[in-house]
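The values are calculated or read from the model by the stated rules, or taken from the named source; none is laboratory data. All values derive from a computational prediction rather than experimental measurement. Cβ placement follows ideal geometry from the backbone for every residue including glycine, while neighbour counts extend to all protein chains displayed.
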Amino acid sequence: QVQLVESGGGLVQAGGSLRLSCAASGRTFSTNAMAWFRQAPGKEREFVAACNWSGGRTTYADSVKGRFTISRDNAKNSVYLQMNRLKPDDTAVYYCAASRRSYSDVEGEYDYWGQGTQVTVSS
């Protein structure tokens, strides 16, 4: 079992920045890829960013490419999402996810999920 806990969400103005953190605990040796997804009210959960075990390979949704950066620190069992130049459309609950497999933008490939952290971007 792996537990994921997100933090760092909050309310920011458009154009601002936030850094989300995800702390993993439990049997973290079973994980490989890490990812961030988000879900806005009334919408399906959508992919945001993912990286491989080392963090050296990353992939991003087109909507956040160039603005968001995923990174990880395996010594701390943590993954981060640096969000810059935030837009109101970025408003959502952001979820951390972990996979035992290679990194992917597919929700179903992930085995463990955090509870989510709210990000609200005002106009």
For the stretch 38-53, the count of residues that are surrounded by 16 or more Cβ atoms within 10 Å (Cβ to Cβ) and among the small types (Gly, Ala, Ser) equals 2
Going by the conditions given, is residue 3 of a type outside the set (Val, Ile, Thr), more than 14 Å from residue 119 (Cβ to Cβ) and in contact with a Ser or Thr (Cβ under 6 Å, 6 or more places away or on another chain)? yes
May I ask you to list pairs of residues, at least six apart or on different chains, whose Cβ atoms are under 9 Å apart, with the first in the stretch 49-71 being among the β-branched types (Val, Ile, Thr) and the second being part of a loop (DSSP other than H, G, I, E, B)? 58/52; 58/103; 59/103; 59/104; 59/105; 69/84; 70/55
What do you reckon, is residue 25 assigned to a loop (DSSP other than H, G, I, E, B) and closer than 25 Å to residue 1 by Cα? no
Answer yes if at least one residue in the stretch 25-34 is of a type in the set (Ser, Thr, Tyr) and either surrounded by 14 or more Cβ atoms within 10 Å (Cβ to Cβ) or touching a Ser or Thr at 6+ places or on another chain (Cβ under 6 Å) (or both), and no otherwise. yes
Need pairs with beta-carbon distance below 8 Å; first residue over 15 Å from residue 60 (Cα atoms) and within the stretch 75-88, second part of a loop (DSSP other than H, G, I, E, B) and modelled with pLDDT under 95; sequence gap 6+ or separate chains. 88/123
Looking only at strands (runs of 3 or more DSSP E) that lie completely in the stretch 54-123, which have at least 3 residues being buried (at least 19 other Cβ atoms within 10 Å of the Cβ) and of a type outside the set (A, V, I, L, M, F, W, C)? 92-99
Out of all the residues in the stretch 43-62, which are within 18 Å of residue 87 (Cα to Cα) and small (Gly, Ala, Ser)? 49, 61
Answer with yes or no whether residue 123 is polar (S, T, N, Q), farther than 22 Å from residue 1 by Cβ and within 12 Å of the chain's Cα centre (by Cα). no
Could you check, for the stretch 2-22, whether at least one of its residues is under 23 Å from residue 102 (Cβ atoms), in contact (Cβ under 8 Å) with a residue 12 or more places away in the chain and part of a loop (DSSP other than H, G, I, E, B)? no
Quick one: how many residues across the stretch 77-123 are acidic (Asp, Glu) and touching a Phe, Trp or Tyr at 6+ places or on another chain (Cβ under 6 Å)? 1
